[in-house]
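Here the structure comes first, spelled out in structure tokens, and everything after it is commentary.
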Amino acid sequence: MKRRPARSSLSLAGFALLLLMQAGVGKSVFGQEAALSADQRLAREIFQELIEINTTHSAGDTTRAAEAMAVRLRLVGFPDSDVQVTGPGPRNRNLVARLRGTGRRPPILFLAHLDVVEARPEDWSMDPFKLNERDGFFYGRGTSDIKDGAAILIADFVRMKQDGFRPDRDLIIALTAGEESGGDYNGVQWLLTDHRELIDAPYCINMDAGDPQIKNGKRVLRTVQATEKVYVDFNLEVRNAGGHSSLPTKDNAIYRLAEGLGRLARFDFPVRLNDVTRTYFRRMSEIENDPPVAAAMKSIANNPADAAATGRLAQDPYYNAMMRTTCVATMLAGGHAPNALPQMARANVNCRMLPDDSPAEVQQTLARVLADDQIKVSVASEPLLSPSSPLNPEVMRATERTTANLWPGVPVIPVMETGATDGAHLRRAGIATYGISGVFIDVDDVRAHGRDERIGVREYYDGAEYLYQLMKALASTN
């Protein structure tokens with residue numbers, strides 16, 4: 001990291017942060033303030049503030065987090081008109097902030113969500129709503145999903161303002177509510193519907209996807225998420241007359257459903273690659289250390305019909321999910337009394353469809369595989385269909401250049417997200433979206449949504465520097 005010139009005077013924000021540090025906030029991994037640069041201290045303080053504001057759907061408040069971040073931006077000179085806390089309800093508001101540029105080029109949107117999934121203190125080995133720093137890791141709910149990204153965006157905006165950087169285009173931050181809970185509380189969907197002018201841009205950089213990856217302690221990969229699978233739930237239901245359990249019949253609702261689910265468990269949707277996944281497997285084949293796996297990747301990039309290659313890759317759940325639509329039973333219910341034959345048996349089947357797959361075709365496939373007309377298949381949740389984003393040369397060049405500058409030798413590879421993010425709302429609305437997180441994640445230690453969620457301390461600080469340089473690369477005319 002290049003050290004920037006010392007500032008000539010202490011700003012109002014600097015004074016406020018100094019008070020925080022004197023109160024004990026911002027100790028480094030070594031317990032010494034001097035071990036961190038001013039920018040790293042700022043990034044840590046913002047991270048701690050966000051982690052320690054509960055933003056769960058049940059008891060939390062994203063509005064409080066949004067307002068806290070708005071205060072930090074206003075303290076360093078962002079005008080009120082460029083820092084707005086807005087949303088559909090008192091506890092689920094978003095922060096939208098704009099760093100004004102010359103207007104030479106269209107704006108860029110940067111996205112992260114403020115809400116987090118539930119975390120019961122009794123399930124954790126520490127308080128999930130405190131930033132705990134231990135053994136080179138930051139622990140706390142949201143450290144990896146995705147308050148690290150939100151904190152980094154605010155810290156980098158503050159840094160740019162203090163540096164006097166003026167981009168050649170407006171840079172917009174949207175820190176949003178409702179990504180984890182969805183429904184009417186989704187902040188991105190609300191902004192697109194009610195205040196699109198605040199976030200409208202040709203493309204978005206989404207911090208909630210595209211994590212750079214660590215494997216066996218080595219930084220191996222910088223991903224760019226350009227598309228994601230489509231989430232849809234199906235109800236499978238069997239009904240019959242039931243009766244007394246002392247007089248069982250072969251026509252049992254639970255057995256019928258179980259036999260159908262057994263057939264589904266043995267079924268695989270066909271392999272089908274798109275431009276992103278084809279590029280992914282081709283480039284991964286060049287860095288994969290296992291020769292048979294590398295050969296399989298290279299083969300399916302050229303010929304997805306290679307059954308031997310796809311069979312080898314399908315042994316890895318992640319590679320399998322990258323190649324095809326997947327459907328899996330996730331919930332079961334049935335019967336109404338322990339001494340009665342079941343009149344109903346029901347299962348939820350969760351599907352993650354390829355972006356160009358059709359919900360109707362998937363439903364028809366499920367019915368065919370279940371092979372029982374007594375098992376009724378219906379859509380339980382309307383899918384949010386969204387197209388893939390074309391690989392933008394401007395985004396890819398800036399990402400590759402920044403990666404080479406900070407992490408020489410780490411390849412940049414496009415990926416398809418196998419889960420779901422708010423990028424789907426943006427792509428559906430015509431805003432191309434690229435998942436580019438700055439914080440390296442150990443692929444064998446993913447704790448998002450889980451117990452003792454954590455990220456590396458060094459990885460967090462490096463991620464803040466990475467996004468700072470990436471923002472400047474995207475907002476400076478070459």
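Just so it is clear, none of the values below were taken in a lab; they were calculated from the coordinates. This is a predicted model, so every value here is computed, not measured. Cβ atoms come from the backbone with ideal geometry, glycine included; neighbour counts cover every protein chain shown.
By the scheme Lys and Arg +1, Asp and Glu -1, what is the net charge of all other residues having a beta-carbon under 14 Å from that of residue 124? Local net charge: +1. Applying a 4.7 Å Cβ-Cβ cutoff to the chain leaves 204 as cysteine residues with no disulfide-compatible partner.
Exposed loop sites here are chymotrypsin sites (Phe, Trp or Tyr not before Pro) assigned a DSSP state other than H, G, I, E or B and surrounded by at most 14 other beta carbons within 10 Å; excluding them, the longest clear run of the chain is 31-266. Applying 1/(1 + (r/R0)^6) with R0 = 35 Å to the Cβ-Cβ distance of residue 396 and residue 268 gives a FRET efficiency near 0.65. Calculate for the chain the 222 nm mean residue ellipticity that helices alone would give, adding -39,500 (n - 2.57) per DSSP H run of length 4 or more and normalising by residue count, nearest 500 deg cm²/dmol. So the calculated ellipticity at 222 nm is -10500 deg cm²/dmol.
If R0 is taken as 25 Å, the Cβ-Cβ distance between residue 350 and residue 255 corresponds to a FRET efficiency of 0.65. Applying a DSSP loop filter and a limit of 11 other Cβ atoms within 10 Å to the trypsin sites (Lys or Arg not before Pro) in the stretch 223-285 leaves 250, 266.
To the nearest 0.05, what FRET efficiency results for residue 197 and residue 380 with a Förster distance of 35 Å applied to their C-beta separation? Calculated value: 0.50. With both labels modelled 7 Å from their Cα along Cα-to-Cβ, the residue 364 to residue 328 distance reads 2.7 nm. The stretch between residue 458 and residue 241, if pulled fully straight at 0.36 nm per residue, gains 71.9 nm over its current Cα-Cα span. In the chain, the DSSP beta bridges split such that about 65 percent are antiparallel, to the nearest 5.
Between residue 336 and residue 290, the modelled label-to-label distance comes to 5.0 nm, taking each label 7 Å out from Cα in the direction of the beta carbon.
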